[in-house]
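As structure tokens, the structure follows; a few thoughts come after it.
Just so it is clear, none of the values below were taken in a lab; they were calculated from the coordinates. Remember, predicted model here, so these are calculated numbers, not experimental data. Virtual Cβ from ideal backbone geometry, glycine too; neighbours counted across all protein chains shown.
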Amino acid sequence: MKDIETIYKEWLSLLPLNEKKQAQLTRKFTVEYNYNSNHIEGNTLTYGQTELLLLFGKVSGEAEMKDFEEMKASNVGLKMMTEEAKEKQPLTETFIRQLHHTLLREDYTVYKTLPGGIQTSFVVHAGQYKTRPNSVITRYGDRFEYASPEETPALMNDLVKWYNDAEESGKYTPVELAALFHYRYIRIHPFEDGNGRIARLMVNYILSRHGWPMIVVRNRKKMEYLEALHQSDLVVGPVPSDGAHATLREIRDFATYFKKLVATEIKADIDFVTKSAENIWWYDGEIVTFRSENTTKILIALQENPYITYDELTKLIGINTSAIQKQINNLLKKGYIQRRDSDRQWHVLITSTI
């Protein structure tokens, strides 16, 4: 792949996008960002359910209501972050806490069973720094401790001050600044829940402030993301305050991963806005090219008439009903389309590039 600066310049050469293409890109990013960022944290909504909820306001299929509410709150947080990035005001802790409150919506109690069957519970506070220690068991079986509740306010103050000073100094590129902020923030882990989602929002806050396209950390590449963080942890060491003040050199593994991620995401955006054809579509960060023109005709027909019947499709496309049903079933299986029993309406979840 070309180096990131070359790819970024290629992206800039395409701007401004026309209104239709910008709307398509915004729609694509809205669904892909919210779906992937929440799936990394365990949300169970499918890509199709996410699109129906965020773009059409419809609840479809089986899932816990909290997952639907969490996804809606995530999208509100995304919009809030995007608007704040446009203001170009210095970053504040207040904004980060407000963003956290938006994602979590309200305080809630978590109940856990400890070894030996002991029952315990604690309150997760929306918009407030943690009041109890937090840690994670790595996939290697080690317990990794984050900053203590007592350390957290001072470390967050340091982080925000460092960010504002570093941004003003121009010492780092936007991509380096975003990577270093993400790593330092994660090592503090200032809230009881939602830290990963806040970190990914803040990465896009930083990129957006500097005119870079926002990015998606794909759930299907979650292990690559976590491994890059882990490799940097090994260099920085286990002390939370060291992590909260890590240098770009110390987190080079994560910084290298992050630069590659940004380059990949921008290249995907370039492909999305330049590779336009009736048989080329887009689904969760990947181009889908249909070999049969009938598949494209079916998708367009479903978009134009969501209540179209199999008989009507047969007459319109000019192939027999069994062939129509076979194509429809294949599109349903891959999640490219969906039909709710409640209203018998077709929803096309894959995005056209034209």
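Points worth noting:
- Helix 321-333 vs. the chain, principal-axis angle (Cα, 0 to 90°, nearest 10): 0
- Among Ser276, Ser241, sorting on how many other beta-carbon atoms sit within 10 Å of each Cβ, with the fewest leading, yields Ser276, Ser241.
- Computed from phi, the 3J(HN,Hα) profile of the stretch 71-86 under the Karplus parametrisation 6.51, -1.76, 1.60 (θ = phi - 60°) reads 5, 5, 5, 4, 5, 5, x, 4, 5, 4, 5, 4, 5, 5, 4, 5 Hz, with x in place of Gly and Pro.
- Nearest-ten-degree value, helix 195-209 long axis tilted from longest Cα axis of the chain: 80
- Packing order of peptides 49-57, 320-328, highest average first: 49-57, 320-328 (average count of other Cβ atoms within 10 Å over each peptide's residues).
- Positive dipole terminus of the chain, leading residue within Gly57, Phe272, Val216 (C-beta point charges): Phe272
- Positive-end residue of Thr92, Tyr185, Leu331, charge dipole of the chain with Cβ unit charges: Leu331
- Neighbour net charge for Thr314 - beta-carbon separation under 13 angstrom, K R +1, D E -1: +1
- Cross-linked pairs Lys221/Lys297; Lys28/Lys334; Lys88/Lys259; Lys275/Lys315; Lys58/Lys130: Cα-Cα separations exceed 25 Å for Lys221/Lys297; Lys275/Lys315; Lys58/Lys130.
- CD proxy at 222 nm, helix term only [per DSSP H run n ≥ 4: -39500 (n - 2.57); per residue of the chain; nearest 500]: -18500 deg cm²/dmol
- Relative to the Cα centre, the charge distribution of the stretch 280-352, modelled as +1 at Lys and Arg Cβ and -1 at Asp and Glu Cβ, gives a dipole magnitude of about 200 debye.
- Taking the three principal axes of the alpha carbon atoms in the stretch 280-352, the coordinate ranges are 33, 30, 20 Å, sorted in descending order.
- Between helix 19-40 and the chain: long-axis angle, C-alpha atoms, 0 to 90°, nearest 10: 60
- Burial ordering of Ile198, Ile96, Ile270, fewest other beta-carbon atoms within 10 Å first: Ile270, Ile96, Ile198
- Alpha carbon centroid spacing (whole Å) that separates the stretch 166-197 from the stretch 74-92: 15
- Base-10 log of normalised Debye intensity for the chain (one unit scatterer per alpha-carbon) at q = 0.06, 0.09, 0.11, 0.15 Å⁻¹: -0.26, -0.57, -0.82, -1.33
- Span per principal axis, largest first, for the Cα atoms of the stretch 56-99 (Å): 42, 20, 7
- In this Cβ point-charge picture (+1 for Lys and Arg, -1 for Asp and Glu), the chain has a dipole of about 820 debye about its Cα centre.
- Kirkwood hydrodynamic radius (C-alpha pairs) into Stokes-Einstein, the stretch 1-139, 10 °C and 1.306 mPa s, D in µm²/s: 87
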